[in-house]
Amino acid sequence: MDKAYTPSSEPDIYKLWESADVFTAKIGKLSKAKSASGGKPYSIILPLPNANDPMHMGHALFTIQDILCRYHRLLGDSVLWLPGSDHAGIETQFVFEKKLQKEGKSRFDFDRETLYRMIWDFVETNREINIKQMKQLGFSMDWTRYHYSLEPAIVKNILAVFKKLHHDGLVYRAEKIVNYCTHCGTAFSNLEVDYVDEVTSLYYMKYGPFTLATTRPETKFGDTAVAVNPKDTRYQQYIGQEITVDGLIGPFKVKVIADDMVDMQFGTGVVKITPAHDPDDFEAGLRHHLAIKRVIGFDGRLNELTGKYAGLTVSQARQKVVEDMKASGMLIKVDDQYQHRIGRCYKCKHVIEPMVMPQWFVKIDSLAKPALAAAQKGQVKFFPLRFKKQFTDWMQNIRDWNISRQIVWGPRLPAWYCLECHPGIKLNFITPDKTVVTGLYSDLKANYSYEVIKSGLQSLSAPVDTTYYVDEPSSCPKCGSSHLLQETDTFDTWFLSGQWPLNTLGFNPADPSQSSPDFAYFYPTSVLDTLWDILFFWVARMIMFGLYLAGDVPFKTVHIHARVVDKAGQKMSKSKGNVIDPVSMTQTYGTDALRFALVYGVAPAADIAISEDKIRAHRNFVNKIWNASRFILMKLDQLQSSNPDLKINFNLPLFKGRNGEAERDLNPADLAILQKLDALIVSTTKHLNSYHFGQASEGLYQFFWHEFCDIYIESVKSRGEDALPILFYVLITCLKLLHPFIPFVTESVYQQLVARLGLSEKMLAVSSWPTPHDSKSSVK
RNA sequence: GAGUCUAUAGCUCAGUUGGUUAGAGCGCAUCGUUGACAUCGAUGAGGUCAGAGGUUCGAGCCCUCUUAGACUCACCA
């Protein structure tokens, strides 16, 4: 054996496991019943990484799942850990557009088919890297069951589920106010908006007979009412009246409405109502049947209804409007220290512009109720338990889910419109000579053929009342025209990943009875391990889809782990320059060192502080294991050189009588180490069963280094062959206990032992979980 | 505004139903090791477990309040 453990052998060890096919799940075919608790299906679906993502510490935390899988494999369970990767809709398109930008191009230079293919190729190259890196981290995933979210069978199922939702009356189109990012060019769900406290200005302006306070003077062109509180004695005489407001581009008239939404204490107790560009005002508009007047376009600029302000961006317009109001004496005062919350795009950080536009929604109530009940009944358990409350609170207040995104990277919604029946459909397309054309079909049909429009199509926007067909008709069922176009909106990524456990296990939404054997055997899965940040995005959606489609939850336990942060408790980010790259750490210190550092001394769901120092410390631990093993084998060498016939008797004496058997004599040092080892087996098992990985790893570290190496091995240096059985017994038992955490060094050592001792279990990864030597110790 | 979490040695953190002198890694000090160990071993310094009060025979752990951070959710212009 080399003088020190060399991580460069890790890829060979991984190949050894792969060649023995130990990670491939076998349905109901267990090699042997290895322990009382073993022999059951145990499955984990990997929280699918984004296909375009380079590996970071978040991925390295899959170690937790690997520990569980390897532990259960040793228990004798039929283990499936199913890997995959996600096309990650907006995330990927965002990265790709940045790349285009560097090349001096933009997405508007291409038709959607071309753009889609370009992103596809971009993702394919990265997907391979991702897989290679996961193997480097030793993850015992079943690569024969790897899936990608855009593979044809999965997309087919997604579309079938959409049709089922539609058939069940749970899908609808509606013109609602949505969170629109003018920079990303798409709407988002409520979850994708970050609200940031910011200090801005609050403008007090003359507004007909009133003075009112607003943060958004530039939207006044879209006002269709002004509101006061019905109890406010100051304004009683105006309620129901129509007032005239000087609008900078000429006077306009609005109605004064009374609504409880108005806080009499705030500002002057008067609020201008802009239903087209504010969520609250939109709601008020519904209550009072107000007109919706759009004055901001999807490009983030004021439109033709704003006179001289048309073409200005929102912030430019605000500045100009304020200047003009000041000049004309309409501006009363400005509070420039007004603190409030501004919604920003979680992706690009630009201010979210609430917009009224047609979108696709899923009615969520009938999906959420069973999911809520499942959490409350404990059908899905949460660990740590506090996340259950967070989950149920959210599920009780859930709103309809906007599933449509105005991007190209993802499956398009399976809905088709007839252009001839609905010439009011708005089109964007690029002609063969690379000109971008925008307009209503009714205005364009004379100059452009259907074929040119279809092949160059970038996006379309159909009025909310447009008839659609969810099965592609060859011609319009109403008018017989063949001029049909498919909706250009794509699915929210989470609509796909919400069905991930079902799709990867071979569930057939069209006919559940035709689902694959994997589904029958491994569903519901055992554990879902993830970070809390996607509890609502992903976990909630999976539970809803699982119950809705398959009638059962997708996993029995949700295990929430924390974020990896740096030594100072800061989130790792490129801009802070505090990112520790897991791949380079494995190259420097070995994968095992990194893995152990990620779980050692970490409390459940507490932030995981990682530093190169910590990884180095655990590299030393890994090396300690290597050298202790080397010492024991050298001891064997020495003894065998003087006694070639030396045989090791592995029938260790029990230190308490088993079944009334008499106690045997044991050297006090032997007795002590065996008793402590038994306690270690019991505590490690207990901690793994309760997801206390930090404590499990600490116990193993303490025992191996300070009990076994410092005390026991030191004490046997002067002893002869009588010490060998217990030396090997303790070593092998420790290798098994440590293997889930640090698979490479333990397997590497174990292979040496197999070569020297001819052990019956030839591979540690599929050996057996230890039970206490003393029959009276018990493992829960 | 509602809710949740965190506060333990210089630094990063463990401490699972309350029980004897509160632990680890890194760092620090002294000594020893070069035939298991990119070292390793031995010994040591260092904490009124955020503050105050309470329950208890007994509290880092349970309860209340205070202070300081972090996070989640929420439509106030």
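The values are calculated or read from the model by the stated rules, or taken from the named source; none is laboratory data. Bear in mind the structure is a predicted one, so any value in this text is a computation, not a measurement. With ideal geometry, Cβ positions are generated from the backbone for all residues, glycine too; neighbour counts draw on all protein chains shown. Side chains are part of the model used for accessible areas, which takes the heavy atoms of the whole protein and leaves out ligands, DNA and RNA. Shrake-Rupley method; radii C 1.70, N 1.55, O 1.52, S 1.80 Å.
Name the single residue that is most open to solvent (accessible area, probe 1.4 Å) among those in the stretch A:601-625 being more than 21 Å from residue A:696 (Cβ to Cβ) and either within 6 Å of RNA strand B (Cβ to nearest atom) or touching a residue at least 40 places away in the same chain (Cβ under 8 Å) (or both). Steps first, answer last, please.
Going through the stretch A:601-625, the residues more than 21 Å from residue A:696 (Cβ to Cβ) turn out to be A:611-613, A:616.
Of the ones still in play, those that are also either within 6 Å of RNA strand B (Cβ to nearest atom) or touching a residue at least 40 places away in the same chain (Cβ under 8 Å) (or both) are A:611, A:613.
Values: A:611: 19, A:613: 81 Å².
If we take residues in the stretch A:601-625 being more than 21 Å from residue A:696 (Cβ to Cβ) and either within 6 Å of RNA strand B (Cβ to nearest atom) or touching a residue at least 40 places away in the same chain (Cβ under 8 Å) (or both), then A:613 is most open to solvent (accessible area, probe 1.4 Å).
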Taking the residues in the stretch A:204-229 that are farther than 20 Å from residue A:296 by Cβ and in a loop (DSSP other than H, G, I, E, B) as candidates, determine which candidate is nearest to RNA strand B (Cβ to nearest atom). A:229
At least 3 residues that are of a type in the set (A, V, I, L, M, F, W, C) in each: list the strands (runs of 3 or more DSSP E) lying fully within the stretch A:312-427 that qualify. A:331-345, A:353-362
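Let's see how each residue does on (1) more than 16 Å from RNA strand B (Cβ to nearest atom); (2) more than 38 Å from the chain's Cα centre (by Cα); (3) small (Gly, Ala, Ser):
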site: A:231; (1), (2), (3): no, yes, no
site: A:264; (1), (2), (3): no, yes, no
site: A:295; (1), (2), (3): no, no, no
site: A:298; (1), (2), (3): yes, no, no
site: A:308; (1), (2), (3): yes, yes, no
site: A:313; (1), (2), (3): yes, no, no
Which one is farthest from residue A:364 (Cα to Cα) among residues in the stretch A:520-532 that are open to solvent by 10 Å² or more (accessible area, probe 1.4 Å) and touching a residue at least 24 places away in the same chain (Cβ under 8 Å)? A:521
Only unsatisfied item for residue A:376, checking (1) surrounded by 15 or more Cβ atoms within 10 Å (Cβ to Cβ); (2) at pLDDT below 90, is (1)
Look through A:107, A:70, A:112 and report the one residue that is basic (Lys, Arg), surrounded by 16 or more Cβ atoms within 10 Å (Cβ to Cβ) and in contact with a Pro (Cβ under 8 Å, 6 or more places away or on another chain). A:70
Find all pairs meeting these conditions: Cβ atoms under 7 angstrom apart; at least six residues apart or on different chains; first residue within the stretch A:176-203 and outside any strand (DSSP E or B); second residue among the aliphatic types (A, V, I, L, M) and more than 13 Å from RNA strand B (Cβ to nearest atom). A:184/A:90
Filter result (open to solvent by 70 Å² or more (accessible area, probe 1.4 Å) and away from RNA strand B (no atom under 16 Å from the Cβ)) within the stretch A:266-292: A:289, A:292
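Please verify whether the stretch A:560-578 includes one or more residues that are under 17 Å from residue A:497 (Cα atoms) and within 16 Å of RNA strand B (Cβ to nearest atom). Write out each step before concluding.
Here is the first cut: in the stretch A:560-578, the ones under 17 Å from residue A:497 (Cα atoms) are none.
Scanning the stretch A:560-578 turns up no residue that is under 17 Å from residue A:497 (Cα atoms) and within 16 Å of RNA strand B (Cβ to nearest atom).
It is to be established whether one or more residues within the stretch A:528-537 are assigned to a strand (DSSP E or B) and of a type in the set (D, E, K, R). Show your work before the answer.
Going residue by residue through the stretch A:528-537, those that are assigned to a strand (DSSP E or B) are A:528-531.
Now restrict to residues that are of a type in the set (D, E, K, R): A:529.
The answer is yes; a qualifying residue exists.
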Test residue A:406 against the criterion of being away from RNA strand B (no atom under 16 Å from the Cβ), open to solvent by 10 Å² or more (accessible area, probe 1.4 Å) and over 30 Å from residue A:605 (Cα atoms), and give yes or no. yes
Of all residues in the stretch A:556-570 being open to solvent by 20 Å² or more (accessible area, probe 1.4 Å) and either at pLDDT below 75 or assigned to a loop (DSSP other than H, G, I, E, B) (or both), which is nearest to residue A:530 (Cα to Cα)? A:563
